[in-house]
1. Which one is surrounded by the fewest Cβ atoms within 10 Å (Cβ to Cβ) among residues in the range B:105-120 that are facing chain A (nearest Cβ under 9 Å) and farther than 18 Å from residue A:40 by Cα?
2. List the number of the failed condition for residue A:36; all other conditions in (1) modelled with pLDDT of 90 or more; (2) surrounded by 14 or more Cβ atoms within 10 Å (Cβ to Cβ); (3) within 14 Å of another protein chain (Cβ to nearest Cβ) hold.
3. Just need a number here: residues in the range A:1-60 that are more than 19 Å from residue A:140 (Cβ to Cβ) and hydroxyl-bearing (Ser, Thr, Tyr).
4. Quick one: how many residues across the range B:41-83 are among the hydroxyl-bearing types (Ser, Thr, Tyr), modelled with pLDDT under 85 and outside any loop (DSSP other than H, G, I, E, B)?
5. Restricting to the range B:84-127, name every residue that is assigned to a helix (DSSP H, G or I) and among the aliphatic types (A, V, I, L, M).
6. Identify the residue in the range B:72-88 that is surrounded by 21 or more Cβ atoms within 10 Å (Cβ to Cβ), within 19 Å of residue B:32 (Cα to Cα) and within 14 Å of chain A (Cβ to nearest Cβ) and, among all such residues, is nearest to the chain's Cα centre (by Cα).
7. Report yes if some residue within the range A:65-84 is loosely packed, with under 13 Cβ neighbours inside 10 Å, more than 19 Å from residue A:30 (Cβ to Cβ) and at pLDDT below 80; otherwise report no.
8. Within the range B:103-123, count every residue that is charged (D, E, K, R) and within 17 Å of the chain's Cα centre (by Cα).
Amino acid sequence: MAREVSESCVDSLLTEMVSTYCNRFYANKPDLAARSIEAIGYQVGHQLSERYTMDRPRFSDHLEAIKFICKDFWSELFKKQIDNLKTNHRGTFVLQDSQFRWLSRVSVDLSENGDVSQDNPEATAENKAAQVTSMHLYFPCGIIRGALSNLGIPCAVSADISNLPACSFVVRIKA
Amino acid sequence: MIVCVAVVGHQNNPLYIQSFTDADDALKLHHIVHCSLDVVDERVNNPKKSGPTLNETFLGLLYPTENYKVYGYLTNTKVKFILVTTDLDVRDADVRNFFRRFHAAYVDAVSNPFHVPGKKITSKTFAETVSTIVKSFGLSSAG
C-alpha cells in the first residue's frame, strides 16, 4: 500500500531544505545550519534503516553492516550501489560514489561576481561550488550516521568532494 | 489465544505493551515480558552455534511457563518483540508469520516523523493494526 512520489519532488525538497536552512533559518551561521541539516538526516537514516533491514538476518560485525549500507541501503536510496569501499581495518571506511545522484544537477551561478568572464581564474568559481555543494552533503552524511547508529555502530561521517560528481563519504567508527 | 504483545527497545526500555485479555492480570503479563528479556539476551549472547540459525531474527520459544508460551523476535536494530500466548499447540509458521506482520506494522509506526525514537509508540493506527493481526492469528490457527 505504499504510495510513490516522483524523484524530482524529492530533489526539489532537498534543495529547498538546504536553501531554507542556510539562507533563512540560520542566515549567518553556517555551522548551525549544517548541524540542523545533519540532524534531520540522522532521523531519516534511523527510520530508513529500520525499514530496509526488515527481512534480513542480523549482522555479525561492523563490516557486514557497512557492506549493507554500500549495497542494499544505497540501492534503495539512489538506485545504485557504492562504487568503491576502502578501509584501513582500524575503524575507518571510505565509501566512494562516482556519480552521486543528489549532486548531479548542482550548478553555480557565476553572474554573482559582477562581470565574470571566461578568463577569470577558476579558483573563485570552484570555491563557490565547493561551498554550495558541501551544504548539500550534510544530509546524506546524517543519513549514513543515523542508519549505522540504529544498527548499533556509533560513528562520525564526513564527505569529501574533491572531484564532482564523484563523492566520498568517510565513516569513522567510534571505538 | 494471544494475551500480550510487547515491543522493547534496545536499552530494554518498553516501547509498546498491549494485553488482550479481559482479566486484570496485566501486571503479571508485564512481569512475564520483563523476565523474557533476560532469556533473549542469553540467547543472543550464547548462540547455539548451529549454522543457519546464528543470526536469525526469529528466536523461537523463549520459555514455557505454567499456562503461557513466550516467543521472541529480535530485529537488526536490537528491538525485541515479545509474544505471550495461551495456545497449547501453536505452529511455528504461524508465529513467524505473526512476527513478520508485526515487524511491518512496527516499521510503519516508527517511520512517523512525529515519533521520537526511544519513546513509547503512541500511534492509534499502530494499535489498530496490531489488534487486527492478533485477531487473525487466532483465526488462522483455529482451522
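The values are calculated or read from the model by the stated rules, or taken from the named source; none is laboratory data. Computed from a prediction, not measured in an experiment: that's the story for all the values here. Here the Cβ positions follow ideal geometry from the backbone for every residue, glycine too, while neighbour counts run over all protein chains shown.
1. Out of the qualifying residues, it is B:108.
2. (3)
3. 3
4. Step one: filter the range B:41-83 for residues among the hydroxyl-bearing types (Ser, Thr, Tyr), giving B:50, B:53, B:57, B:63, B:65, B:68, B:71, B:73, B:75, B:77.
Those left that are additionally modelled with pLDDT under 85: B:50, B:53, B:57, B:63, B:65, B:68.
Remaining after also requiring outside any loop (DSSP other than H, G, I, E, B): B:53, B:63.
Qualifying residue count, the range B:41-83: 2.
5. B:93, B:95, B:104, B:105, B:107, B:109, B:110, B:127
6. Filtering the range B:72-88 for residues that are surrounded by 21 or more Cβ atoms within 10 Å (Cβ to Cβ), within 19 Å of residue B:32 (Cα to Cα) and within 14 Å of chain A (Cβ to nearest Cβ), the one nearest to the chain's Cα centre (by Cα) comes out as B:81.
7. no
8. The total comes to 2.
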